[in-house]
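A short write-up of the structure that comes next.
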Amino acid sequence: MVRGGLTLIHMGAEAKLYRGIYAGVEAVYKYRVPKKYRHPQLDARIRAYRTLREARALMDAGINGIPAPAVLLVEPEEALIVMEHVEGRLLGEILEHVSGRRLEALFRMLGRIVGRMHEAGLIHGDLTTSNIIVTKDGRLVLIDFGLSSKSRRLEDRGIDVHVLLRSLESTVPEAAEHAYKSFLEGYGEEAGASIAEEIAEKVREIRMRGRYVAERRQSSLEAVLHNRE
Amino acid sequence: MIILGIESTAHTFGVGIASDKPPYILANTYARYVPEKGGIHPREASRFMAANAPRVLSSALRQAGVSIGDLDAIAVALGPGLGPCLRTGATIARALAAYYGKPLIPVNHIIAHIEIGRLATGLRDPLVLFVSGGNTMILASAKGRYRVFGETLDISLGNLLDTFAREVGIAPPYVVKGRHQVDICAERGERLLDLPYIVKGQDVSFSGLLTAAIRALRAGGKLEDVCLTLREIAYSSVVEAAERGLAHTRKSSIMLVGGVAASPPLRDKVRMMAEERGDVRVGLTPPEYSGDNGAMIAWTGLLYYRHGVTIDVEKAFIRQRWRPEEADTPWLEED
Ligand SMILES: Nc1ncnc2c1ncn2[C@@H]1O[C@H](COP(=O)(O)OP(=O)(O)O)[C@@H](O)[C@H]1O
Ligand SMILES: [Mg+2]
């Protein structure tokens, strides 16, 4: 999909992103591409749903003072969303080069943003360091809300934080623990220290799942099949 | 260098023999426990293993044409897995090592799946999609270890398929001529139903899909349509998670391992995804090495032995929850 005045800036797992001008504003066009490996009906459903979800979440974020690009245009059937362009670099790209105080400050700030987002009932759904932009003046901006949802459940908040922590562990294992600690402090400043502690506990619990443990497996299955019916 | 490896983490008691010279794998024999009804009963499985171990062991030695005296060391999968099953394999390995005076090598079962896959497919540094009855994980090497980039938040893909098939009465047997009952049934499906598709970051979740599928059937849905939908949603979501892993790690190849890797529709989806991304090589592990097997433990044991990694018999404890990123992989540092 090539349109006049658009340059491809990113080919992600599910979308192509172009840079261009929209209504006189520096904009990013995010187009979710069809996937041949998915049943066409399922594919259409997922692309439209995520496009709409992303647009709604971006608006929600704006209303609640969570830094995210402004939405300029949404076309769910076309799986297209146009948003404000944010100048900066991905947190994941600069992480190798930050440590000490600066690392702490960054993650404390991130903790505050995510704490505020969760308090507003918004779950990001794909909170990795590739979905956080660090601007020149040192602000953080969240992007990529296609997997987001509305929820206040501890479980959903915990999974958001687990996804973030794992993205740290798999890319900067040596700094992960340090960064996570600062993150939780920041989270506590927004959501309250006791909630931050509950989240940390939930994350520990989530990490025990999906592991090959007979008892867990049996009991979780039985719960799924019989009790919760 | 000749290493014997023992696998006993779940339903398979396998013995493999590996050599550092081609053809590398000299023997790969096993006995597989299939419960008559319900899922794996760990204690029953372990009794089955103990009863079959001598036969499997001697047939491996015969296949390889070696005697125990020719072996340099014994490797054993100490985890992750079911306690009673792990204990059976560990006990046999410890006994062999002590009695014949052979060094003992501890192997992580998940690392072994990856390493035999690398040997079989020739891929140097792939993103790994590991799908089996016990695990669903997306892994890749980073900084000298295999790290987990995504996994299931609840039940495994194999578990989803088996439990669904069992609950709706189309299994056991779960697999007929290399195809899962759900895959077979899905071929006659016509309509895609609206069941939950759950991807969270690079993770997947199947328990909601399992309940919804069973509920759809009880509400009068056609079994074939439910199977089709279950197959499409389950496979698409792991392939999507893998694609996210590829984008994130920038690896240029993908390897499919584990018992469910034998599924033809899953293989097709992985191939289609790789083709669409372009420049992504695909490695499909041959069936004899994709499910649990002893050869993978022997081969990985050999990699460790080359680096002088062994364990005292008294310290060879099983580790039911052994994470792959907790296991040293000294050979990764050099490539
Ligand atoms: N609003 C934006 N401003 C600037 N860059 C952006 C913006 N949105 C996305 N990007 C860039 O495009 C990349 C992919 O966008 P993202 O929404 O995360 O899609 P994907 O699903 O492919 O990860 C981001 O990592 C970032 O580099
Ligand atoms: Mg992204």
Tally of residues being open to solvent by 20 Å² or more (accessible area, probe 1.4 Å) and of a type in the set (Ser, Thr, Tyr) across the range B:1-25:
1
Within the range A:99-111, can one find any residue that is in the same structural domain as residue A:175 (by TED's automatic domain parsing), touching a residue at least 40 places away in the same chain (Cβ under 8 Å), in a loop (DSSP other than H, G, I, E, B) and more than 23 Å from residue B:194 (Cα to Cα)?
yes
Cβ pairs under 7 Å, 6+ apart, first in the range A:24-46 and charged (D, E, K, R), second in a loop (DSSP other than H, G, I, E, B):
A:26/A:85; A:32/A:14; A:32/A:79; A:43/A:34; A:43/A:35
Working carefully through the options A:44, A:57, A:79, find the one that is touching a Phe, Trp or Tyr at 6+ places or on another chain (Cβ under 7 Å), modelled with pLDDT of 95 or more, surrounded by 14 or more Cβ atoms within 10 Å (Cβ to Cβ) and within 25 Å of residue B:228 (Cβ to Cβ).
A:79
Counting only residues that are within 23 Å of residue B:278 (Cβ to Cβ) and out of contact with any helix residue (DSSP H, G or I) (no Cβ under 7 Å at 6 or more places or on another chain), how many does the range A:45-79 have?
3
Being open to solvent by 40 Å² or more (accessible area, probe 1.4 Å) and within 14 Å of another protein chain (Cβ to nearest Cβ) is the requirement here; does residue A:16 meet it?
yes
Quick one: how many residues across the range A:1-54 are part of a loop (DSSP other than H, G, I, E, B) and away from ligand 2 (no atom under 15 Å from the Cβ)?
14
Report, by residue number, each residue of the range A:183-199 that is surrounded by fewer than 19 Cβ atoms within 10 Å (Cβ to Cβ) and either assigned to a helix (DSSP H, G or I) or β-branched (Val, Ile, Thr) (or both).
A:185, A:189, A:190, A:193, A:194, A:195, A:197, A:198
Could you list, in sequence order, all residues of the range B:26-69 that are open to solvent by less than 30 Å² (accessible area, probe 1.4 Å), touching a His at 6+ places or on another chain (Cβ under 8 Å) and of a type outside the set (Gly, Ala, Ser)?
B:33, B:35, B:40
Quickly run through the range B:25-46 and pick out the residues that are assigned to a strand (DSSP E or B), in contact (Cβ under 8 Å) with a residue 24 or more places away in the chain and not small (Gly, Ala, Ser).
B:25, B:26, B:28, B:29, B:30
Tell me whether the range A:169-181 contains one or more residues that are away from ligand 2 (no atom under 16 Å from the Cβ), of a type in the set (A, V, I, L, M) and either open to solvent by 40 Å² or more (accessible area, probe 1.4 Å) or in a strand (DSSP E or B) (or both).
no
Assuming residue A:60 fulfils every condition listed in (1) within 14 Å of ligand 1 (Cβ to nearest atom); (2) under 20 Å from residue A:123 (Cβ atoms); (3) not polar (S, T, N, Q) apart from one, which condition is it?
(1)
Among the candidates A:94, A:66, which residue alone is open to solvent by less than 30 Å² (accessible area, probe 1.4 Å), in the same structural domain as residue A:22 (by TED's automatic domain parsing) and out of contact with any Ser or Thr (no Cβ under 7 Å at 6 or more places or on another chain)?
A:66
Note on the range B:183-212: residues farther than 18 Å from residue B:154 by Cβ and touching a helix residue (DSSP H, G or I) at 6+ places or on another chain (Cβ under 7 Å) are B:183, B:185, B:186, B:188, B:189, B:190, B:191, B:192, B:193
Output the residue which, of all residues in the range A:97-119 that are farther than 23 Å from residue A:195 by Cβ and of a type in the set (Lys, Arg), is surrounded by the fewest Cβ atoms within 10 Å (Cβ to Cβ).
A:101
Hey, does the range B:193-200 have a residue that's in contact (Cβ under 8 Å) with a residue 24 or more places away in the chain, part of a strand (DSSP E or B) and either within 13 Å of chain A (Cβ to nearest Cβ) or of a type outside the set (Phe, Trp, Tyr) (or both)?
yes
Please state which one of A:122, A:142 is open to solvent by less than 10 Å² (accessible area, probe 1.4 Å), more than 16 Å from ligand 2 (Cβ to nearest atom) and closer than 17 Å to residue A:71 by Cβ.
A:122
Residue under question is residue B:60, and the condition is that it be within 14 Å of chain A (Cβ to nearest Cβ), closer than 13 Å to residue B:298 by Cβ and out of contact with any Cys (no Cβ under 9 Å at 6 or more places or on another chain); does it hold?
no
Residues located in the range B:70-96, provided they are part of a helix (DSSP H, G or I) and open to solvent by less than 30 Å² (accessible area, probe 1.4 Å)
B:83, B:84, B:85, B:86, B:88, B:89, B:90, B:93, B:96
Residue A:138 being in the same structural domain as residue A:190 (by TED's automatic domain parsing), under 19 Å from residue A:182 (Cβ atoms) and free of Cβ contacts under 8 Å to residues at least 40 places away in the same chain
yes
Would you pick out the residues in the range A:1-55 that are basic (Lys, Arg), more than 15 Å from ligand 1 (Cβ to nearest atom) and under 14 Å from residue A:145 (Cα atoms)?
none
Kindly indicate whether any position in the range A:99-116 is modelled with pLDDT of 95 or more and within 15 Å of ligand 1 (Cβ to nearest atom).
no
So, in the range B:219-233, how many residues would count as being surrounded by fewer than 19 Cβ atoms within 10 Å (Cβ to Cβ) and part of a helix (DSSP H, G or I)?
2
Could you tell me whether residue B:237 is in contact (Cβ under 8 Å) with a residue 24 or more places away in the chain, within 16 Å of ligand 1 (Cβ to nearest atom) and crowded, with 23+ Cβ neighbours inside 10 Å?
yes
Among (1) within 16 Å of ligand 2 (Cβ to nearest atom); (2) of a type outside the set (Phe, Trp, Tyr); (3) within 14 Å of chain B (Cβ to nearest Cβ) - the single one residue A:61 does not satisfy:
(3)
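The values are calculated or read from the model by the stated rules, or taken from the named source; none is laboratory data. Treat the numbers as computed from the prediction; the structure is a model and nothing was measured. Note: ideal-geometry Cβ built from the backbone for every residue, glycine included; neighbour counts use all protein chains shown. The protein model used for the area step is the full one, side chains on, heavy atoms only, and it has no ligands, DNA or RNA in it. Shrake-Rupley method; radii C 1.70, N 1.55, O 1.52, S 1.80 Å.
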